[in-house]
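Visitor: Questions regarding the structure given below will be posed in turn.
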Amino acid sequence: MPRLSADQRHRVRFTLNGRPVEAEAEPRMLLTDFLRQDLGMTGTHVGCEHGVCGACTIEIDGVSARACLTLAVQADGATIRTVEALAPEPGRLSVLQEAFRRHHALQCGFCTPGILMSLDSYLRTHSEPTETELRKFLGGHLCRCTGYVPILAAALDAAKRLREAPAHA
């Protein structure tokens, strides 16, 4: 399908991982495609394109959202976080990412960015989740490799470490 001419595209401006971005998007372009193709944020994965698998989960204005169900033009003026924003600095993993590494909570890694984004948001508001709560919460994510056991262990470990961490860490 050919790209639309500039007069048929819309300027989209938003804050992405703490930095302002601006680009043009076709009216029906999905946010997943815009993030990956136009802005180079390839950590946001495209799975089912129906909002079922969770691979495309990002944060829009502080709320977890499926980027495959959002048009790029709908993001205009928003604040967006992708998995690339989780690491506190280059070469250093977040507490949650480190827990995933420690517990071998990923295999192929395709579902991992979406799960990390959802858990990052969830653990900010649920500091002492139970395994049952996490199982129910993660029901919105499909993983074909791990069987979820190491993901649950990593999430519980990260929650504990986040509770024990000094406020400024």
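The values are calculated or read from the model by the stated rules, or taken from the named source; none is laboratory data. Given the structure is predicted, the values throughout are model-derived calculations rather than measurements. Here Cβ is always computed from backbone atoms with ideal geometry, including for glycine, and neighbour counts include all displayed protein chains.
Visitor: Taking the residues in the range 1-45 that are surrounded by fewer than 11 Cβ atoms within 10 Å (Cβ to Cβ) and in a helix (DSSP H, G or I) as candidates, determine which candidate is modelled with the highest pLDDT.
Guide: GLN8
Visitor: Hey, any hits in the range 62-74 for a residue that's charged (D, E, K, R) and over 18 Å from GLY51 (Cβ atoms)? Reasoning before the result, please.
Guide: Within the range 62-74, the first condition is being charged (D, E, K, R), and the residues that meet it are 66.
Within this subset, residues satisfying the condition of being over 18 Å from GLY51 (Cβ atoms) are none.
Within the range 62-74, none of the residues are charged (D, E, K, R) and over 18 Å from GLY51 (Cβ atoms).
Visitor: Related question: Which residue is nearest to LEU142 (Cα to Cα), if the candidates are limited to the range 66-108 and must be touching an Asp or Glu at 6+ places or on another chain (Cβ under 7 Å) and of a type in the set (Gly, Ala, Ser)?
Guide: The residue in question is ALA99.
Visitor: Give PHE14, PHE34 a once-over and let me know the one that is in contact (Cβ under 8 Å) with a residue 60 or more places away in the chain and either out of contact with any Ser or Thr (no Cβ under 6 Å at 6 or more places or on another chain) or not assigned by TED's automatic domain parsing to the domain that holds TYR122 (or both).
Guide: On the way: PHE34 fails: in contact (Cβ under 8 Å) with a residue 60 or more places away in the chain.
None of the others qualify; the one that does is PHE14.
Visitor: Now for a separate question. Taking only the range 46-71 into account, find how many residues are under 13 Å from the mean Cα position of the chain (by Cα) and part of a helix (DSSP H, G or I).
Guide: 2
Visitor: Residues that are touching a residue at least 40 places away in the same chain (Cβ under 8 Å) and closer than 22 Å to ILE60 by Cα: which helices (runs of 4 or more DSSP H) entirely in the range 88-169 hold 2 or more of them? Show your work before the answer.
Guide: Working: elements: 95-102, 112-125, 131-137, 149-164.
Counting at least 2 such residues, we get 95-102, 112-125.
Visitor: Still on this structure, I have one more. Taking into account only those residues within the range 122-149 that are small (Gly, Ala, Ser) and farther than 17 Å from ALA165 by Cα, which is surrounded by the most Cβ atoms within 10 Å (Cβ to Cβ)? Break it down into steps so the answer makes sense when it comes.
Guide: So the first thing to find is which residues in the range 122-149 are small (Gly, Ala, Ser), and the list is 127, 139-140, 147.
When the remaining residues are screened for being farther than 17 Å from ALA165 by Cα, the result is 139-140, 147.
On the way: GLY139: 10, GLY140: 16, GLY147: 10.
Across the range 122-149, the extreme among qualifying residues is GLY140.
Visitor: Do you know which of the residues in the range 72-101 that are buried (at least 19 other Cβ atoms within 10 Å of the Cβ) and under 14 Å from ASP33 (Cα atoms) is nearest to the chain's Cα centre (by Cα)?
Guide: Of everything passing the filter in the range 72-101, THR82 is nearest to the chain's Cα centre (by Cα).
Okay, residues lined up against (1) over 18 Å from ARG81 (Cβ atoms); (2) of a type outside the set (Lys, Arg); (3) modelled with pLDDT under 95; (4) in contact with a Phe, Trp or Tyr (Cβ under 9 Å, 6 or more places away or on another chain):
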site	(1), (2), (3), (4)
TYR122	no, yes, no, yes
GLU131	yes, yes, no, no
LEU138	yes, yes, yes, yes
ALA153	yes, yes, no, no
ARG161	yes, no, no, no
GLU164	yes, yes, yes, no
